[in-house]
Amino acid sequence: MPNPDTPATPLLELSIERHIAAPPEKVWEVMTTRIEQWWCPRPWRAEVIEQDWRSGGRSAMVMHGPNGERSDGEGVFLEVVPGKRFVFTDAFRVGWIPQGPFMVGWFDLTPDGDGTHYRAGARHWDAATYEQHKAMGFEDGWTAAAAQLAELVEAG
């Protein structure tokens, strides 16, 4: 009999981890109140349309590239645990209106000595979107964003 805790299909997950030299509460505060300053790897920048930090709340941003590129992101928060974790998806718009899904993204903060273990990632519905996200530079991009967050938090 299959184990119900083991997925029948691979998670198709991409993720990154790092240590941030500050407690989770401080990391959370900067993550959620200064998101435009760390979300996109430079020279890209993020513009927050709305971040309603609750389950079912709207998560909408526009990422602007240095050559006029524009990437709109519209979705909902699935889970928000202040100081610890948030999970979002682009599979829905506010009101649980389905739209073409790309991923479920998540960010976890756990105490790590006098700092924080930061882990972030994305799960994909199929191998094609997983490979697309990987080819877009997931690891480099999300690692750069995490470094920018750490820089903000650790600077005080």
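The values are calculated or read from the model by the stated rules, or taken from the named source; none is laboratory data. These numbers come from a predicted model, not from an experiment. Please note: Cβ atoms are built from the backbone with ideal geometry, for glycine as well, and neighbour counts cover all protein chains shown. Side chains included, ligands, DNA and RNA excluded: accessible areas come from the protein's heavy atoms. Shrake-Rupley method; radii C 1.70, N 1.55, O 1.52, S 1.80 Å.
Give me the distance in nm between label points sitting 7 Å out from Cα along the Cα-to-Cβ direction at residue 37 and residue 15, one decimal.
For the pair residue 37/residue 15, the computed spacing is 2.8 nm.
For region 38-75, run through the GluC sites (Glu not before Pro) and keep only the ones in DSSP coil with at most 11 other Cβ atoms within 10 Å of their Cβ.
On the way: sites: 47, 50, 69, 74; in loops: 69.
Here the GluC sites (Glu not before Pro) that fit, given the DSSP loop and packing criteria, are 69.
Can you give the calculated 222 nm mean residue ellipticity of the chain, where each DSSP H run of n ≥ 4 adds -39,500 (n - 2.57) and the sum is split over every residue, rounded to the nearest 500 deg cm²/dmol? It would help to have the intermediate numbers written out before the result.
Details: 3 runs with 36 residues, N = 156.
Using -39500 (n - 2.57) per qualifying helix, the result is -7000 deg cm²/dmol.
How would the chain be classified by its alpha-carbon gyration tensor: rounded, prolate or oblate, with rounded meaning a/c under 1.5 and the a/b versus b/c comparison settling the rest?
Rounded.
Give me the percent of accessible area attributable to carbon and sulfur for region 1-100, probe 1.4 angstrom.
54 percent
Would you calculate the separation in nanometres between label points at residue 72 and residue 154, each defined as 7 Å from the Cα along the Cα-to-beta-carbon direction?
Result: 3.7 nm between the two label points.
How much length, in nm to one decimal, is gained on full extension between residue 81 and residue 94, taken as 0.36 nm per residue of separation minus their Cα-Cα distance?
2.8 nm
What dipole magnitude, in Debye to the nearest 20, does the chain give about its Cα centre under +1 on Lys/Arg Cβ and -1 on Asp/Glu Cβ?
Magnitude of the dipole: close to 180 debye.
Classify region 76-130 from the C-alpha gyration tensor, please: rounded if a/c falls under 1.5, else prolate or oblate depending on whether a/b exceeds b/c.
Judged from the Cα gyration tensor, region 76-130 comes out oblate (a/c at least 1.5, b/c at or above a/b).
Considering only protein heavy atoms, what per residue accessible area in square angstrom results for region 37-140 with a 1.4 angstrom probe?
54 Å²
For 97, 20, write out the residues from largest to smallest accessible area, computed with a 1.4 angstrom probe and no ligands counted.
97, 20
On a full-extension model of 0.36 nm per residue, what is the gain between residue 112 and residue 47, subtracting their alpha-carbon distance, rounded to one decimal in nm? Intermediate results must be reported in sequence, preceding the final value.
Details: separation 65, 0.36 × 65 = 23.40 nm, distance 3.09 nm.
Value of the extension gain: 20.3 nm.
Which of the three applies to region 59-108, rounded, prolate or oblate, going by the alpha-carbon gyration tensor with a ≥ b ≥ c and a/c under 1.5 meaning rounded?
Oblate.
Taking K and R as +1 and D and E as -1, what net charge do the other residues with C-beta under 13 Å from the C-beta of residue 138 add up to? Intermediate values should be presented prior to the final figure.
Numbers: positive: 123, 134; negative: 13, 131, 139, 140.
Counting the neighbours of residue 138, the net charge comes to -2.
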